[in-house]
Each structure stands twice: as structure tokens, then as C-alpha cells.
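Asker: This is the structure, below, for whatever I ask next.
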Amino acid sequence: MRETRGYGQFCPIAIAAEVLAERWTPLVIRELLCGSVRFNDLQRGVPRMSSALLARRLRELQYAGIIERRSGASGSAEYHLTPAGRELFPVIEGMGLWAQRWLRHDHLDPGNLDPNLLMWDVRRNAANRVAHRDRRYVTAFRFSGVPANQRCYWLVFEGGAVDLCYKDPGFDVDLFVSGSLRLLTEIWLGHITIDQAVREDRLRLDGSRRDVAAFRSWFALSMFAPAGARPSGQAELAAT
């Protein structure tokens, strides 16, 4: 299945790199570790990856024994991590923590900012934290400084689920969240707090007092946000 282009070394690092160091592969594993099992959901977590390449990487991971392909309840294909795949969590986590400490200056490079990825991550974490609501609840995100087709997103909370809409779903909006894509990404990564962004008038939360307060609870940050709140390794070096 895999092309014969390995390193030709018995070193365990070389053997692991032949499987894990292919372009996009760590990100696909990240999505699987975050709970995505359907192809379309995996694609939304790597929006700049072609469908053909994603399908190829999934076949390679299956061949390597990292994932297995199953039939879901609806008969569609699902991809689940094997024990070998689940054991990669500290590897992927370590990569993220290392980047938060040493490569933080690259996170907010304009070429790395992606509103589709950010909102998919926000939706995923909100879905894991939201409580069942008696009525539909809608939050609209409005980004500045991005192309017109990427300025507005809607999260629709209903029946214990959260849907991400790229077009206006036509429902009344309970809370408007407005700011630049860079700012919302900084908040998501833990580089700046919501309260600080509001105080500096860089983030606007327009809604009832209850809905604004609730935003702070369901807008769950990246798993790497605690590391993002600490000084970067390079900042520590500069201070010494």
C-alpha cells in the first residue's frame, strides 16, 4: 500500500516517521482523536486538503493498523482509531504543546488563519459542553478583515445538538459575536482572554446579559489554550 520511499533505517523514529510524517497525516490523526469518524466531518477539520488525498491518507492509516473502517448506523463508512491509533494521543498533544511554547509567532500568520477551521473547532467544543435547551438558540459570528464569503457563520443550538451554518439559517439570532478573525483565533488559542478582548473593545458581544454570560461557558477553548496563556519559550529566552 505505502510507496517504497522509507528512510532505510531500523531506528524506531525512522519507522514511525514513515507512517506519521506524511503531509496532512498528523492533522488527520488529530481529527480522529477529536472524535470525527465520518469522511465529511474529517474533511471539515482539514478544509484545505483535497478529498482524494484525504481518502488516500485514510487508506494508508488503515494499512498501517492505526484506524479501521466500519459501517455506521446509517450504512455509511466510519473510521475509528485502533488501540495503536489511540496511543498516538500524547504524541499529537506533545506536538501542539511544543508549538504553543516555541512557535507561537507562526500561529497568527495571515496564511494560517482559517475561519472555516476555527468555526468547526468552536462548534465541536461547544457541542461537547452545551446543555439541552427548551428552545432553539442561535449565535452569529461576524468576522472583519476576511473575504465576504467568510465573514458570517451561525451556530444553531437545538435539541442538545449544535449545527454550524455557513449561510443564514433564517432564525432569530440571540447573540452576535463580532471581531477580527485574528482576534477570535487568539482567544481560541488562549493567547488573550475574552474579558481582555472585550475591555479593549476588540470583541463585541451583543445580546442579553444572560446570553453574554453563557457565551463564556460554552465557548470552550482549544485543548492547547492553557499552554497558550503561559509565556512562550522564546519570550522566556529573550528575558534571560
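Asker: Exactly one condition in (1) without any contact (Cβ under 8 Å) to a residue 24 or more places away in the chain; (2) surrounded by 17 or more Cβ atoms within 10 Å (Cβ to Cβ); (3) not assigned by TED's automatic domain parsing to the domain that holds W218 is not met by W154; state its number.
Answerer: (3)
Asker: A further question on this structure: Scanning region 150-179 for residues that are under 17 Å from D121 (Cβ atoms) and of a type in the set (G, A, S), which turns out modelled with the lowest pLDDT?
Answerer: So the residue we want is A161.
Asker: Taking region 196-222 as the search range and keeping residues that are surrounded by fewer than 16 Cβ atoms within 10 Å (Cβ to Cβ) and either outside the structural domain of D121 (by TED's automatic domain parsing) or of a type in the set (S, T, Y) (or both), which one is modelled with the lowest pLDDT?
Answerer: Per the stated criteria, the residue is S217.
Asker: Against the definition (farther than 25 Å from D121 by Cβ and surrounded by fewer than 17 Cβ atoms within 10 Å (Cβ to Cβ)), how does G6 come out, yes or no?
Answerer: Yes; evaluated as a whole, the condition is true for this residue.
Asker: Condition test on Y79, is it over 19 Å from the mean Cα position of the chain (by Cα) and aromatic (F, W, Y)?
Answerer: No.
Asker: Here's a follow-up. Name the helices (runs of 4 or more DSSP H) wholly within region 163-227 that hold at least 3 residues that are among the charged types (D, E, K, R)?
Answerer: It comes to 209-218.
Asker: On to the next question. For region 89-113, which positions are farther than 26 Å from A16 by Cα and hydrophobic (A, V, I, L, M, F, W, C)?
Answerer: Matches in region 89-113: L108, L113.
The values are calculated or read from the model by the stated rules, or taken from the named source; none is laboratory data. None of these values were measured; they are calculated from a predicted model. Backbone-built Cβ (ideal geometry, glycine too); neighbour counts: all protein chains shown.
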